[in-house]
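*Asks:* I have a structure here, written as structure tokens, and I will follow up with some questions on it.
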Amino acid sequence: MSETLRSVLIRRRKSEMVEFMDSHPESFDQAIKLALENEENLSWRATWLVAGVMEKDDQRVRPFIQKIIEVLPDRDDGHQRELLKILLKMELDEDFESLLFDISVTLWEQVRKQSSVRYYAFQGMMKVVEKYPELKNEVLSLAQPHFVNTLSPGVRKGVLKSINELTSQNLS
């Protein structure tokens, strides 16, 4: 990774980081490669930056989807949240959707995880349910109070809204 990108990630505000990425598009690959690493502070910031500058279904991310899914379970909460954001912006093939669903369920069930991580994990489950409505009942079974009540108030409200929308749909 170039020292320039490293310096930008360490010393600059988000607007300056985005400006740097816009004027140095070659740094995107470096940033996503760093996002897949586990360098304290730098990898999380690189992931956060990639999630912030990427387009929906960004083709530059596509070659890294499998690796993102592989490393996601072993990262710290904030890093997991940003990796989930990247995956949620991508159109995934069936195999990756299955893996996203499984990882999302695992993260969701960890009630001691940060609420924001669990929120994006829930969104991961919802993304898959949109395409595979037969999973609706599985997601609803994961919406029991002991999973939902441990969330922060704002996140709980968002999750409950999604649950209400899911229960009102005729997906099954």
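The values are calculated or read from the model by the stated rules, or taken from the named source; none is laboratory data. The structure presented is a predicted model; accordingly, all values stated were derived computationally and were not measured. Here Cβ is always computed from backbone atoms with ideal geometry, including for glycine, and neighbour counts include all displayed protein chains.
*Asks:* Which members of segment 11-44 meet the condition of being hydroxyl-bearing (Ser, Thr, Tyr) and exposed (fewer than 15 other Cβ atoms within 10 Å of the Cβ)? Write out each step before concluding.
*Replies:* In the first step, residues of segment 11-44 are kept if they are hydroxyl-bearing (Ser, Thr, Tyr); the result is 15, 23, 27, 43.
Hits for segment 11-44 are 15, 23.
*Asks:* Among the residues of segment 41-56, are any in contact with a Leu (Cβ under 9 Å, 6 or more places away or on another chain), outside any helix (DSSP H, G or I) and over 30 Å from residue 99 (Cα atoms)?
*Replies:* no
*Asks:* Determine which single condition residue 168 fails, assuming it passes every other condition in (1) at pLDDT 95 or above; (2) of a type in the set (Gly, Ala, Ser); (3) out of contact with any helix residue (DSSP H, G or I) (no Cβ under 8 Å at 6 or more places or on another chain).
*Replies:* The number of the failed condition is (1).
*Asks:* Additional query: For segment 71-96, what are the residues that are more than 13 Å from the chain's Cα centre (by Cα) and part of a helix (DSSP H, G or I)?
*Replies:* 74, 94, 95, 96, listed by residue number.
*Asks:* For the structure I just gave you, tell me whether residue 76 is over 27 Å from residue 108 (Cβ atoms), in contact (Cβ under 8 Å) with a residue 24 or more places away in the chain and not hydrophobic (A, V, I, L, M, F, W, C).
*Replies:* On the way: over 27 Å from residue 108 (Cβ atoms): no; in contact (Cβ under 8 Å) with a residue 24 or more places away in the chain: yes; not hydrophobic (A, V, I, L, M, F, W, C): yes.
Against the criterion (over 27 Å from residue 108 (Cβ atoms), in contact (Cβ under 8 Å) with a residue 24 or more places away in the chain and not hydrophobic (A, V, I, L, M, F, W, C)), residue 76 does not qualify.
*Asks:* Filtering segment 113-162 down to residues that are of a type in the set (Val, Ile, Thr) and touching a residue at least 24 places away in the same chain (Cβ under 8 Å), which residue is nearest to residue 85 (Cα to Cα)?
*Replies:* Within segment 113-162, the subset of a type in the set (Val, Ile, Thr) is 117, 128-129, 139, 148, 150, 155, 159.
Filter once more, so that each one left must be touching a residue at least 24 places away in the same chain (Cβ under 8 Å): 117, 128-129, 139, 150, 155, 159.
Values: 117: 10, 128: 14, 129: 17, 139: 19, 150: 21, 155: 15, 159: 16 Å.
My answer is 117.
*Asks:* I'm trying to understand the selection: among the residues of segment 75-90, which are under 23 Å from residue 137 (Cα atoms) and either surrounded by fewer than 23 Cβ atoms within 10 Å (Cβ to Cβ) or not assigned by TED's automatic domain parsing to the domain that holds residue 32 (or both)?
*Replies:* Result: 88, single match.
*Asks:* Tell me which residues, restricted to segment 73-105, are under 20 Å from residue 44 (Cβ atoms) and of a type in the set (Val, Ile, Thr).
*Replies:* Within segment 73-105, 86, 103 meet the criteria.
*Asks:* Another question, then. Look at segment 156-172 and say how many of its residues are within 20 Å of the chain's Cα centre (by Cα) and over 17 Å from residue 105 (Cβ atoms).
*Replies:* So the count comes out to 5.
*Asks:* Report every pair of residues separated by at least 6 positions or lying on different chains whose Cβ atoms are under 6 Å apart, first residue within segment 48-67 and over 13 Å from residue 9 (Cβ atoms), second charged (D, E, K, R).
*Replies:* 51/82; 51/85; 56/89; 57/91
*Asks:* Residues that are crowded, with 19+ Cβ neighbours inside 10 Å and within 18 Å of the chain's Cα centre (by Cα): which helices (runs of 4 or more DSSP H) entirely in segment 105-148 hold 3 or more of them?
*Replies:* 115-131
Rundown of residues vs (1) touching a Gly at 6+ places or on another chain (Cβ under 7 Å); (2) among the β-branched types (Val, Ile, Thr); (3) outside the structural domain of residue 148 (by TED's automatic domain parsing), yes/no style:
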site: 37; (1), (2), (3): no, no, yes
site: 50; (1), (2), (3): no, yes, yes
site: 63; (1), (2), (3): no, no, yes
site: 73; (1), (2), (3): no, no, yes
site: 125; (1), (2), (3): no, no, no
site: 131; (1), (2), (3): no, no, no
